[in-house]
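Notes follow once the structure below has been shown.
Computed from the coordinates by the stated procedures, all read-outs in this text should not be read as laboratory data. Fair warning: this is a prediction, and the values are worked out from it, not measured in the lab. Glycine also receives a Cβ, built like all others from the backbone with ideal geometry; neighbour counts cover every protein chain displayed.
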Amino acid sequence: KRSAILISGRGSNMISLIAAAKAADFPAEIALVLSNLPDAGGLARAAEAGIAIAAVDHRPFGRDREAFERAMDEVLRVNQIELVVLAGFMRVLTPWFVTRWQGRLINIHPSLLPLFRGTHTHRQALDAGVGEHGCSVHFVVPELDAGPVIAQAKVPVLPGDDEDALSARVLEQEHKLYPLALAEVASGRAVLAGDAVIRR
Ligand code: GRF
């Protein structure tokens, strides 16, 4: 499956996906890395890795999110993309885009969903005093961070943890989890059916 990774930042998950997709039997090809920020650090790293890159700056579109997404969608279409992989992409997507890519759009979120949606998930976990935290890969649905979970990885919360220590522990798991989950979706082993994930 021709896949695009959408990023806004440093792109460490993107790098782990690119590395995994190099295996001959990996069911997804990273055909494009697309950013809403032309100077995102991850874009340069993708180019160094030999991946086609593109940027659609959201700022000229102002509040018109759908116009921004139509511009992104056009880039995805031109590149014949079949699967969209969000990896630290920091724009909320409208129902228009999400519906258009339904079942072919996945995201990684740094918490054990349904716990701790939104931002500052490691702070939320520390404040809540949970003993266990982690990350989730999920199909994207219109409601933010509410899509059905494809795979999760857990880490312990240790005494003395601060946000940095906890996020580093989770990130290490993200880098392992996301390639596994992408492979399941790209191979058709995990499929979105309504608001559930079906395994074949
Ligand atoms: C990751 O923690 C991801 O779960 C979250 O944003 C971060 C992106 O990091 N959505 P990176 O750009 O992949 O390094």
Check: Hey, if you put +1 on the Cβ of every Lys and Arg and -1 on every Asp and Glu Cβ in the chain, which of Gly194, Ile15, Phe68 ends up farthest toward the positive end of that dipole?
Finding: Gly194
Notebook entry, point to check: Dipole size in debye (nearest 20) for the chain around its Cα centre, Lys and Arg Cβ +1, Asp and Glu Cβ -1?
Noted result: 520
Notebook entry, point to check: Taking the Cα centre of region 1-88 as the origin, how large is its charge dipole in debye, to the nearest 20, when only Lys and Arg (+1) and Asp and Glu (-1) carry charge on their Cβ atoms?
Noted result: 120
Note to self: Charges on Cβ only, +1 for Lys and Arg, -1 for Asp and Glu, centred on the Cα centroid of region 101-197; of Val137, Leu182, Val155, which one is farthest towards the dipole's positive end?
What the structure shows: Leu182
Check: Normalised by the residues of the chain, what does the relative contact order come to in percent, with Cα pairs under 8 Å and at least six apart?
Finding: 20
Next item on the list: Rank these for me by crowding, Leu37, Leu158, going from fewest to most other beta carbons within 10 Å.
Entry: Leu158, Leu37
Checklist line | Shape call, region 13-139: gyration tensor on alpha carbons, a/c limit 1.5 | finding: oblate
Next item on the list: Measure out, as a whole number of angstrom, how far apart the alpha-carbon centroids of region 39-65 and region 97-122 sit.
Entry: 20
Margin query: What lysines does Lys1 reach when the alpha-carbon gap must be under 21 Å and sequence neighbours fewer than 8 apart in one chain are set aside?
Written below: Lys22, Lys176
